[in-house]
Structure formats: C-alpha cells, structure tokens
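Heads up, the thing below is written out as structure tokens.
The values are calculated or read from the model by the stated rules, or taken from the named source; none is laboratory data. Since the structure is predicted, the reported quantities are computational estimates derived from the model, not experimental observations. All Cβ positions, glycine included, derive from the backbone under ideal geometry; neighbour counts span all protein chains shown. Please note that ligands, DNA and RNA were not included when accessible areas were found on the heavy atoms of the full protein model with its side chains. Shrake-Rupley method; radii C 1.70, N 1.55, O 1.52, S 1.80 Å.
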Amino acid sequence: MTGFTLAILVKNEFGVLNRVTSMFRRRRFNIKSLSVSVTESTDKSRITIASEGGGREKNQLIDQLYKLPVVISILELDEAESITCELLLLKVRNLPEFRSDVHAAAEAFGAKIVDYTRESVVMQMVGGSRHIDAFIDVMQDYTVLEICRTGIISLEKGSTPMERRTEIY
C-alpha cells in the first residue's frame, strides 16, 4: 500500500492534536507514525504524521485539514526532498556470552550505548525507519527487554520555511 507523510503547522492551542488526528480517523486513515513538537515560535507546533493510502482520499483529507481553524500550513513531504529520521532506545539483556556481539552490532549500526549495567545495556540510535527496523531485527537474536521509538520527524531540504511555501500539496 502507498503511504504519505504530512507536516502540519498548527496553532499551539489546547486540543489541537485531537482535532487533527480525529480528521484522520473520520477519513479512515491509519496513522503509522506521529510526532508533535514545538517550533521556532512558541505560538506554533509542528505535527508530523505518516499514514497509509493516497490518491483522491488523501487530497480530500488535506482539504478537510485546511478547514480546521488551527491549521496554518500543510506540506506533503517527499522522501527524496526531505531529511527524515526517528529515535530508538533499545534495551537488551547483558549476557557475557553475547556482550561482544551486541557491542559489534551497535557499532556497525551507529548505535550509542547510553546505559550499561551488569543486567542490561541500553542503546540509542538516530536514523531512518528502515535502518532502525534492520537494527531491531538484528537485536532480536539477543534478549530484547524493551523497545521505545519516536515517530518520524522530517524537514524539507532547502531554505524556504514551511509556512512561507506557496504550493499547498
């Protein structure tokens, strides 16, 4: 199934996230990834949503989102024209027989060890979703205790801020 990622610049007000995600629910779009953050301005927030689907339904969703008074701007992010990443924290059991393998895998994938005890190792990694998925897949050979990952964040390449773009989508 095709997918898309939207960056939605909104007014930083109570209940905005609920209003935006409810629009996805009403239009029957499943949200695969969601992140919300402050922006360069305290009166605005940025919501990044990755979802499945496309075509006419996606365009109707965007049209409906623009009707929300809290929405300032929407940008559909193109993979080739954007910088996209997410954050992973992964905790594995620290077993002596696998210690060197876990360290080697972390180094090979660019993960950083951020906590180390006799019982466990916590690694932090920033990267693309596929790279993170591959690292998690490799780590399944060891005793994974916990996985926590953020939703994707993404900025379009170039110098034009999202709010000043003239094309909508």
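Data table
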quantity	calculated
Heavy atoms of ILE113 accessible to a 1.4 Å probe, total area in Å² rounded to 10	60
Accessible solvent surface per residue of region 46-154, calculated while the other protein chains remain in place, 1.4 angstrom probe, Å²	54
Volume per residue that the Cα convex hull of region 33-76 spans, once the total is divided by residue count, Å³	71
Extension gain, LEU155 back to THR2 (0.36 nm per residue minus Cα-Cα distance, nm)	53.0 nm
Under the Karplus curve 6.51 cos²θ - 1.76 cosθ + 1.60, θ = phi - 60°, whole-Hz ³J(HN,Hα) for region 30-38, x wherever Gly or Pro sits	8, 8, 8, 8, 8, 9, 10, 8, 6
Value of relative contact order over region 41-165, rounded to a whole percent, pairs C-alpha under 8 Å and six or more apart	35
Loop chymotrypsin sites (Phe, Trp or Tyr not before Pro), region 12-77 (other Cβ atoms within 10 Å of the site Cβ: 12 or fewer; DSSP)	PHE14
Built amide H within the under 5 Å cut-off of ILE72, gap 5+	LEU9, VAL10, LYS11
Of all accessible heavy-atom area on the chain, the percent that carbon and sulfur account for (1.4 Å)	50
Summed residue charge, Cβ within 15 Å of ASP115's Cβ, Lys/Arg positive, Asp/Glu negative	+3
At 1.306 mPa s and 10 °C, Stokes D of region 63-166 from Kirkwood alpha-carbon radius, µm² per second	99
Per DSSP, loop GluC sites (Glu not before Pro) in region 2-87 with at most 10 further Cβ within 10 Å	GLU40
D_trans [Stokes-Einstein, Kirkwood Rh over alpha-carbon pairs] for region 1-110, 4 °C, 1.567 mPa s, µm² s⁻¹	80
Local electrostatic count at ALA105 - Lys and Arg +1, Asp and Glu -1, tallied over other residues with Cβ under 15 Å	-2
Neighbour-limited loop hits for trypsin sites (Lys or Arg not before Pro), region 92-169 (at most 16 other Cβ within 10 Å; DSSP other than H, G, I, E, B)	ARG118, LYS157, ARG165
